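Only one structure is covered here, and it is reproduced in the block below.
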Amino acid sequence: MPKRILEGVVVSDKGDKTVVVKVERTLLHPVLKKTVRLSKKYHAHDEGNALKIGDVARIVECAPKSKLKRWEVLSPASAS
């Protein structure tokens, strides 16, 4: 099965080699038929501490690296 790739905005870069990425998605409410925005934060491994707050990041699933980190930043060179 292919690994999932998500895109979001970096909301924190305080941890060493770690960024917190906020990913937003939209869905149609089943009863109200209204568009609803949902967001979730993911902790991702950033080996080079390259990303800063406000940057757009693409993250990919990986093996667990710590208690919270299950994602890693997709390097810009490999993003095609």
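Remarks
- Selection status of Lys41, within 16 Å of Arg70 (Cα to Cα), open to solvent by 60 Å² or more (accessible area, probe 1.4 Å), free of Cβ contacts under 8 Å to residues at least 40 places away in the same chain and within 16 Å of the chain's Cα centre (by Cα): yes
- Subset of segment 1-15 [touching a residue at least 40 places away in the same chain (Cβ under 8 Å), part of a loop (DSSP other than H, G, I, E, B) and open to solvent by 100 Å² or more (accessible area, probe 1.4 Å)]: Lys3, Arg4
- If you go through segment 40-69 and keep only what is charged (D, E, K, R) and either touching a helix residue (DSSP H, G or I) at 6+ places or on another chain (Cβ under 6 Å) or not in a loop (DSSP other than H, G, I, E, B) (or both), you end up with Lys40, Lys41, Arg58, Glu61.
Rundown of residues vs (1) open to solvent by less than 70 Å² (accessible area, probe 1.4 Å); (2) at pLDDT below 95; (3) closer than 17 Å to Asp16 by Cα, yes/no style:
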site: Asp46; (1), (2), (3): yes, no, yes
site: Ile53; (1), (2), (3): no, no, yes
site: Val56; (1), (2), (3): no, no, no
site: Cys62; (1), (2), (3): yes, no, no
site: Lys67; (1), (2), (3): no, no, yes
site: Arg70; (1), (2), (3): no, no, yes
site: Ala79; (1), (2), (3): yes, yes, no
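- When restricted to residues that are part of a loop (DSSP other than H, G, I, E, B), open to solvent by less than 90 Å² (accessible area, probe 1.4 Å) and either farther than 18 Å from Lys65 by Cα or modelled with pLDDT under 95 (or both), segment 16-32 contains 1.
The values are calculated or read from the model by the stated rules, or taken from the named source; none is laboratory data. Predicted model only: the values in this text are computed from it and were never measured. All Cβ positions, glycine included, derive from the backbone under ideal geometry; neighbour counts span all protein chains shown. Ligands, DNA and RNA are excluded from the accessible area calculation, which covers all protein heavy atoms including side chains. Shrake-Rupley method; radii C 1.70, N 1.55, O 1.52, S 1.80 Å.
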